[in-house]
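One structure is given below, encoded as structure tokens.
The values are calculated or read from the model by the stated rules, or taken from the named source; none is laboratory data. As the structure is a computational prediction, the values presented were derived from the model and not from experiment. Cβ coordinates were reconstructed from backbone atoms using ideal geometry, including for glycine residues, and neighbour counts include every protein chain displayed.
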Amino acid sequence: MAEVVLVHSFRGGTGKSNTTANLATTIARTGKRVAVIDTDIQSPGIHVLFGMEQVDSQTTLNQYLWGNCSVEEVAHDVSPDEVKQNGGKVFLLPSSSDAGDITRILHEGYDVRLLKKGFASLIKTLTLDYVFVDSHPGLNEETLLCIAVANTLIVILRPDRQDFQGTAVMVDLAQKLKVPRILMVVNRVMQNSDPEMVRQQLEAKYEVPVVGVLPNCDEMMQLASSDLFSLRYPDHSLTQIYHQVADKVMTT
């Protein structure tokens, strides 16, 4: 059975999409078949990390949610060469970045139950090992559904007081919904911070495993979401942390 991994943050600007894309790719490089679903329909963007500057609005998650096509028809094979060489696959289900489509979603909404149905169909048809869900920040109906069907919830936060308060709400909700596994990743930590101290403080505060403390680095800023960091900088210390987090995700 495939593992459904929801990557979520209470606030925007945490580096959630970058983390999702790099973790999914890292796991796919071990020979796994991985799908990445962009459910951040209001502000999509993870497709850019996989080299899809332009997305055909007819082959997006929006069209599936409006009942215009099957979920498999919007699954794009975006497997990098490094993934293919190891027998893995990465499929991306992007949301539309067309202004009209975003406005329609905001105005009309969609049947969120189709997401759960789509996950099951996608896993079966594409024989997936992992499904990574890149969600819209905060709490809404779609987020609650994704939390409810996830095997693993990865909460991304920054070392920021507003993030701390929102994350407490997220963790409490996930525990009430009985998510089997809740993990935490702290992103954009200052270079002069002690990662182990950050880890210990947050684990004591939330009583949830902190599986990654990601440093703020110039190379990530310079890359500006134009590529997958773990492939562009395979020997970087941040890439090594992505590998460590991926190992934790794959450890059941």
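For the stretch 25-61, enumerate the residues that are over 15 Å from the mean Cα position of the chain (by Cα), modelled with pLDDT of 95 or more and among the charged types (D, E, K, R).
R29, K32, R33
Whether any residue in the stretch 176-184 is in a strand (DSSP E or B) and farther than 23 Å from L144 by Cα is what I want to check.
no
Determine, yes or no, whether V213 is surrounded by 12 or more Cβ atoms within 10 Å (Cβ to Cβ), of a type in the set (V, I, T), under 17 Å from the mean Cα position of the chain (by Cα) and modelled with pLDDT of 95 or more. First the steps, then the outcome.
Values: surrounded by 12 or more Cβ atoms within 10 Å (Cβ to Cβ): yes; of a type in the set (V, I, T): yes; under 17 Å from the mean Cα position of the chain (by Cα): yes; modelled with pLDDT of 95 or more: yes.
Yes; evaluated as a whole, the condition is true for this residue.
Examine the stretch 29-48 for a residue that is of a type in the set (S, T, Y), within 15 Å of V133 (Cα to Cα) and crowded, with 21+ Cβ neighbours inside 10 Å, and state whether such a residue exists.
Checked against the condition, which is being of a type in the set (S, T, Y), within 15 Å of V133 (Cα to Cα) and crowded, with 21+ Cβ neighbours inside 10 Å, the stretch 29-48 yields at least one hit.
Here are some conditions: (1) on the phi < 0 side of the Ramachandran plot; (2) at pLDDT below 90. T125 meets all but one. Which one does it not meet?
So the condition that T125 fails would be (2).
Would you confirm whether any residue within the stretch 99-114 is within 28 Å of Y242 (Cβ to Cβ) and either out of contact with any strand residue (DSSP E or B) (no Cβ under 7 Å at 6 or more places or on another chain) or surrounded by fewer than 19 Cβ atoms within 10 Å (Cβ to Cβ) (or both)?
no
What pairs come up if the first residue lies in the stretch 135-156 and is buried (at least 19 other Cβ atoms within 10 Å of the Cβ) and among the charged types (D, E, K, R), the second is modelled with pLDDT under 85 and in a loop (DSSP other than H, G, I, E, B), and their beta carbons are under 7 Å apart, counting only those six or more places apart or on different chains?
Correct list of pairs: E142/V112.
Kindly provide the set of residues from the stretch 35-49 that are assigned to a helix (DSSP H, G or I) and in contact (Cβ under 8 Å) with a residue 60 or more places away in the chain, ordered by number.
Once the filter is applied, which keeps residues that are assigned to a helix (DSSP H, G or I) and in contact (Cβ under 8 Å) with a residue 60 or more places away in the chain, the stretch 35-49 yields I46, V48, L49.
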